[in-house]
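Following: one structure in structure tokens, then a few remarks.
The values are calculated or read from the model by the stated rules, or taken from the named source; none is laboratory data. Quick caveat: nothing in here was measured; it's all calculated off a predicted structure. Because the Cβ atoms are built from the backbone with ideal geometry, glycine has one as well, and the counts that use them run over all protein chains shown.
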Amino acid sequence: MDWSLLVPEYILAGWAAMVVSLDLFWGRLRKEQLAYVAAAGALTATLVSLIWVNDSASFGNLLQVDNYTTFFRVFFGLIAFVICLASAQYVKDRLLHPGEYYALILLTVIGGTYMAAAKELLTAYISLELLSFSLYVLTSYAKFDLKSNEAGLKYMLLGAFSSAIFLYGMSLVYGVTKTTSFAGIASALSGDTSGIAFALMLGIVLMIAGLGFKVAAVPFHMWTPDAYEGAPLPITAFISAISKAAGFALFLKLFGQALLPMADDWRWIIAGLSAATMILGNLVAIQQHNIKRLLAYSSIGQAGFMLMGIAALTPHGPSDPASALLLYLVGYVITNLAAFVCVIVYYNQTGKDEIADFGGLAERAPFLALCLTIALFSLAGMPLFAGFATKFILFQTAAQQDLLWLSSIAVFMSFVSLYYYLGIIKQMYLVEPTEKARLPVPRMEYAVVAVLIVGVLLVGLYPQPLFNGVENATSALFQITQAAAAASAGL
């Protein structure tokens with residue numbers, strides 16, 4: 001076991017302990033300064049992760065450090081970096097114990113990273129639980145807010161139930177394949193499975209249900225609106241980004257490696273979940289009047305789009321759908337974080353999060369209104385923005401894999417989403433503000449918003465560099481599958 005492969009995670013764990021210690025023993029350190037210390041830790045771990053670009057090494061039979069893992073190390077580290085900066089003012093004004101708050105954000109990154117790096121089922125499960133428990137605590141972190149307590153309790157209870165389902169599904173797959181290794185499972189399933197078909201499919205269905213909870217797929221989405229509304233606003237943004245990204249990192253690795261030989265048996269289940277998720281998420285979002293609940297149902301709809309990438313996986317050409325999925329995931333996270341940081345800035349100044357409260361924002365904060373408009377148009381998939389380029393590639397890839405009907409539903413639901421996004425834009429530009437005073441300009445938050453919006457435009461106008469990185473990640477992901485297929489064929 002080469003322990004040096006885990007250096008980025010050592011940095012994150014050590015930095016989390018340091019942040020807690022600074023908060024405990026150095027009372028003169030202001031709350032917002034802890035945000036910058038934590039952000040520096042996330043950025044340091046991200047930069048150190050780049051050492052393993054184009055490298056591939058195994059930590060025992062537990063973790064694989066390759067381009068796929070490095071991709072998500074960088075991705076999750078940058079998400080935590082943005083959330084720490086966006087939390088500074090919010091935590092200062094509204095939360096106690098900032099040290100533990102930022103430490104949990106860093107620990108969540110470790111859980112998400114190991115979900116992407118796992119080589120076998122138990123490591124993946126333990127990593128998922130590390131991520132989940134950190135998010136349960138962060139959701140209920142505003143302990144004097146009843147909504148936050150309720151959201152954390154619901155999230156934890158439903159999360160524990162879904163984890164048990166996922167673990168039972170894992171046990172069934174282990175029972176019929178005699179291994180927890182992804183490579184071993186793929187090898188076992190490449191042969192004759194006629195005698196184990198029922199137990200195997202039951203295990204796969206249960207694992208789909210468990211992971212469906214983590215990515216907020218219908219009908220496992222019930223926690224999402226309440227958790228999004230009740231959690232502290234930066235944590236809502238964090239859940240929408242890292243929970244979905246880590247869930248799909250594991251989803252893709254599990255179904256693109258271990259279970260890929262059975263793709264013809266499970267893809268119709270994923271396709272049905274995808275259709276139901278995008279339809280329900282986008283239709284129910286129309287009825288929402290709270291912007292956090294609207295973005296919650298929007299994220300459910302977006303999960304439906306991403307499930308298309310899983311449904312499009314085939315044993316003969318898995319890398320194209322996987323690349324399209326990761327490209328979409330990155331575009332979605334950048335765009336969603338841009339929208340949430342705009343909402344956080346507005347909430348910090350006004351304490352309001354109803355859609356009607358955004359009336360006249362274009363007069364009170366023109367730059368903020370413009371950035372939020374760009375983010376919403378990108379989420380809807382309008383041209384020039386990240387959402388259009390990533391949706392086009394994902395929908396086209398799904399259509400090429402005999403899922404034209406699913407791509408058609410996705411295109412229609414994208415038009416539906418434009419309706420409720422335009423409702424927010426209408427409030428900002430066509431409604432008179434109840435207050436005429438200009439909103440203050442917080443420089444750090446505005447800088448974060450500006451960088452995210454630049455990212456939205458770059459991915460939309462010039463996605464090639466990102467696509468190259470995504471292809472490098474997915475090529476590393478499917479080397480194990482190709483090796484298992486070759487071994488099964490006796491080559």
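Looking at region 438-446, is at least one residue under 17 Å from L372 (Cβ atoms) and within 22 Å of the chain's Cα centre (by Cα)? Looking for residues that are under 17 Å from L372 (Cβ atoms) and within 22 Å of the chain's Cα centre (by Cα), one finds at least one in region 438-446, hence yes.
The listed residues are L384, L307, and the only one of them that is within 22 Å of T224 (Cα to Cα), touching a helix residue (DSSP H, G or I) at 6+ places or on another chain (Cβ under 6 Å) and of a type in the set (A, V, I, L, M) turns out to be L307. Annotation note: of G301, G281, G272, the sole residue that is of a type in the set (G, A, S), under 23 Å from A398 (Cα atoms) and without any contact (Cβ under 8 Å) to a residue 40 or more places away in the chain is G272.
Pull up region 245-283, narrow it to residues that are of a type in the set (V, I, T) and under 21 Å from the mean Cα position of the chain (by Cα), then point me to the one that is surrounded by the most Cβ atoms within 10 Å (Cβ to Cβ).
First, the residues of region 245-283 that are of a type in the set (V, I, T): 269-270, 277, 279.
Next cut, under 21 Å from the mean Cα position of the chain (by Cα) only: 270, 277, 279.
Working: I270: 24, T277: 28, I279: 18.
In this case the residue turns out to be T277.
Within region 71-90, does at least one residue satisfy the condition of being assigned to a helix (DSSP H, G or I), over 20 Å from P234 (Cβ atoms), touching a residue at least 60 places away in the same chain (Cβ under 8 Å) and out of contact with any strand residue (DSSP E or B) (no Cβ under 9 Å at 6 or more places or on another chain)? Within region 71-90, one or more residues are assigned to a helix (DSSP H, G or I), over 20 Å from P234 (Cβ atoms), touching a residue at least 60 places away in the same chain (Cβ under 8 Å) and out of contact with any strand residue (DSSP E or B) (no Cβ under 9 Å at 6 or more places or on another chain). When each of I79, I51, I11 is tested for being buried (at least 23 other Cβ atoms within 10 Å of the Cβ) and closer than 29 Å to L329 by Cα, the lone residue that passes is I79.
Is there a residue in region 211-224 that is in contact with a Lys or Arg (Cβ under 9 Å, 6 or more places away or on another chain) and over 30 Å from A151 (Cβ atoms)? No, region 211-224 contains no residue that is in contact with a Lys or Arg (Cβ under 9 Å, 6 or more places away or on another chain) and over 30 Å from A151 (Cβ atoms).
Here T314 fulfils each of the conditions (1) among the polar types (S, T, N, Q); (2) more than 29 Å from A237 (Cβ to Cβ); (3) outside any loop (DSSP other than H, G, I, E, B) apart from (3).
On the basis of being at pLDDT below 95 and under 30 Å from A183 (Cβ atoms), does L260 make the cut?
yes
Across region 86-126, the qualifying residues are those that are over 17 Å from the mean Cα position of the chain (by Cα) and β-branched (V, I, T), and the one among them that is surrounded by the fewest Cβ atoms within 10 Å (Cβ to Cβ) is I126.
Looking at region 114-208, none of the helices (runs of 4 or more DSSP H) lying wholly inside it contains 3 or more residues that are more than 30 Å from V53 (Cβ to Cβ) and in contact with a strand residue (DSSP E or B) (Cβ under 7 Å, 6 or more places away or on another chain). Could you give me the residue pairs with C-beta distances under 8 Å whose first residue belongs to region 341-361 and is within 17 Å of A296 (Cα to Cα), whose second residue is of a type in the set (D, E) and part of a helix (DSSP H, G or I) wherever it lies, and which are 6+ apart or on separate chains? Listed by first residue and then by second, the contacts come to V341/E445; I344/E445. When A339 is tested against the conditions (1) within 28 Å of I270 (Cβ to Cβ); (2) touching a Gly at 6+ places or on another chain (Cβ under 9 Å); (3) hydrophobic (A, V, I, L, M, F, W, C); (4) not in a loop (DSSP other than H, G, I, E, B), the lone failure is (2).
Would you check if L376 is of a type outside the set (S, T, Y), closer than 20 Å to Y90 by Cβ, modelled with pLDDT of 90 or more and crowded, with 22+ Cβ neighbours inside 10 Å?
Details: of a type outside the set (S, T, Y): yes; closer than 20 Å to Y90 by Cβ: no; modelled with pLDDT of 90 or more: yes; crowded, with 22+ Cβ neighbours inside 10 Å: yes.
No.
Can you confirm whether F238 is of a type in the set (F, W, Y), over 19 Å from F166 (Cα atoms), in contact (Cβ under 8 Å) with a residue 12 or more places away in the chain and part of a helix (DSSP H, G or I)? Yes, satisfied. Of everything in region 403-450 that's assigned to a helix (DSSP H, G or I) and of a type in the set (S, T, N, Q), which residue is farthest from A39 (Cα to Cα)? The selected residue is S408. Restricting region 39-70 to residues that are in a helix (DSSP H, G or I) and of a type in the set (G, A, S), the residue that is farthest from A16 (Cα to Cα) is S49.
Going through (1) surrounded by 24 or more Cβ atoms within 10 Å (Cβ to Cβ); (2) touching a residue at least 60 places away in the same chain (Cβ under 8 Å); (3) within 20 Å of T236 (Cα to Cα) one by one, R293 falls short only on (1). Residues that are under 16 Å from V333 (Cβ atoms) and without any contact (Cβ under 8 Å) to a residue 60 or more places away in the chain within region 381-417 comprise just one, G381.
Quick one: which residue in R94, R73 is within 24 Å of A116 (Cβ to Cβ), in contact with a Pro (Cβ under 8 Å, 6 or more places away or on another chain) and of a type in the set (K, R)? Let's see the steps before the verdict.
Working: R94 fails: within 24 Å of A116 (Cβ to Cβ).
The unique qualifying residue is R73.
Restricting the search to region 141-178, which residues are buried (at least 17 other Cβ atoms within 10 Å of the Cβ) and over 24 Å from Y101 (Cβ atoms)? If the condition is that a residue be buried (at least 17 other Cβ atoms within 10 Å of the Cβ) and over 24 Å from Y101 (Cβ atoms), then S162, I165, F166, L167, G169, M170, L172, V173, Y174, V176, T177 are the ones that fit.
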